[in-house]
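The values are calculated or read from the model by the stated rules, or taken from the named source; none is laboratory data. Quick caveat: nothing in here was measured; it's all calculated off a predicted structure. Methodologically, a virtual Cβ is constructed for each residue, glycine included, from the backbone with ideal geometry; neighbour enumeration extends over all protein chains shown. In case anyone asks, the SASA skips ligands and DNA or RNA and just uses the protein heavy atoms, side chains included. Shrake-Rupley method; radii C 1.70, N 1.55, O 1.52, S 1.80 Å.
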Amino acid sequence: MRWGKKSRELKQDGRSRIDLPRLQRELGVRIGERGAATLLLACDEMDRTNHHELGAEHLIVGVLEEGGPAAQLLLEHGITLEDARAQIAEALWEADEALSSFEFTSEAANIMATAAEAAGMRGHRTLEPEHITYGFVCSGFEITSRVLHMIGVDRQKLLQESEQLLSNGH
């Protein structure tokens, strides 16, 4: 799920946007209003750090900033927006300049595919932040693992509670 220049729209305000219809086609699931808001917030974080790839770290920040049940679950496990950004700053660098292309990292693409699969398997009509959270807890590796470990999150417990949140219809 690599995204070239045609998949990224740059609005007049200079903010990156994801081609949601294309992403929905590729994932095979509709992205709900809160899911779209989460992705927009992740794009904002990507822009803030001048990255040209939307990564797991941006998805974590997007979920936290969206503020719904998935964010509450992360907060209960000690993952705050400030801590996540601090770990991201340590793990990554801020690029010198914004680039004109836009892609998901391989980790973020894997997370989104897992999120779509979780929504489909549960018969959920839309992909929401709770599915994205499940995706990065379940299938995130490089950056996700480092961020969760450095914050001191019990990944197995977070996975179980994330599954429970999805089972409750979120």
May I ask you to verify whether E66 is modelled with pLDDT under 90 and within 14 Å of the chain's Cα centre (by Cα)? no
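What do you reckon, is E57 at pLDDT below 95 and under 14 Å from the mean Cα position of the chain (by Cα)? Break it down into steps so the answer makes sense when it comes.
On the way: at pLDDT below 95: yes; under 14 Å from the mean Cα position of the chain (by Cα): yes.
Here the answer is yes, as E57 does meet what is asked.
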Contact list, first residue from the range 15-28 and over 25 Å from T49 (Cβ atoms), second anywhere and open to solvent by 60 Å² or more (accessible area, probe 1.4 Å) and part of a strand (DSSP E or B), beta-carbon distance below 7 Å, six or more apart or interchain, is Q24/R30
The number of residues in the range 116-130 that are touching an Asp or Glu at 6+ places or on another chain (Cβ under 9 Å) and part of a helix (DSSP H, G or I) is 4
If the Cβ limit is 9 Å and pairs must be 6+ apart or interchain, which residue in the range 134-158 that is touching a residue at least 24 places away in the same chain (Cβ under 8 Å) pairs with which residue that is loosely packed, with under 15 Cβ neighbours inside 10 Å and of a type in the set (V, I, T)? I151/T80
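I'd like to check something: does the range 26-40 contain any residue that is polar (S, T, N, Q) and either over 19 Å from A56 (Cβ atoms) or at pLDDT below 95 (or both)?
no
Of all residues being polar (S, T, N, Q) and more than 19 Å from E57 (Cβ to Cβ) in the range 100-140, which is modelled with the lowest pLDDT? Just the residue, please.
S100
Restricting the search to the range 29-79, which residues are part of a loop (DSSP other than H, G, I, E, B), in contact with a Phe, Trp or Tyr (Cβ under 8 Å, 6 or more places away or on another chain) and either surrounded by 18 or more Cβ atoms within 10 Å (Cβ to Cβ) or hydrophobic (A, V, I, L, M, F, W, C) (or both)?
Hit for the range 29-79 is G55, nothing else.
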Extreme residue, nearest to A37 (Cα to Cα), among residues of the range 64-75 that are touching a residue at least 40 places away in the same chain (Cβ under 8 Å) and of a type outside the set (G, A, S): E66
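Residue-by-condition table, conditions (1) within 19 Å of I18 (Cβ to Cβ); (2) hydroxyl-bearing (S, T, Y):
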{"residue": "G120", "(1), (2)": "no, no"}
{"residue": "G123", "(1), (2)": "no, no"}
{"residue": "E128", "(1), (2)": "yes, no"}
{"residue": "I132", "(1), (2)": "yes, no"}
{"residue": "F136", "(1), (2)": "yes, no"}
{"residue": "S139", "(1), (2)": "no, yes"}
{"residue": "M150", "(1), (2)": "no, no"}
{"residue": "V153", "(1), (2)": "no, no"}
{"residue": "K157", "(1), (2)": "no, no"}
Those residues of the range 151-160 which are surrounded by 14 or more Cβ atoms within 10 Å (Cβ to Cβ) and either out of contact with any helix residue (DSSP H, G or I) (no Cβ under 8 Å at 6 or more places or on another chain) or under 11 Å from Q87 (Cα atoms) (or both), in sequence order: I151, V153
When I143 is run through (1) out of contact with any Lys or Arg (no Cβ under 6 Å at 6 or more places or on another chain); (2) surrounded by fewer than 15 Cβ atoms within 10 Å (Cβ to Cβ); (3) at pLDDT below 85, the failure sits at (2)
Just wondering, is there one or more residues in the range 100-115 that are touching a residue at least 60 places away in the same chain (Cβ under 8 Å), on the phi > 0 side of the Ramachandran plot and either in a helix (DSSP H, G or I) or of a type outside the set (A, V, I, L, M, F, W, C) (or both)? no
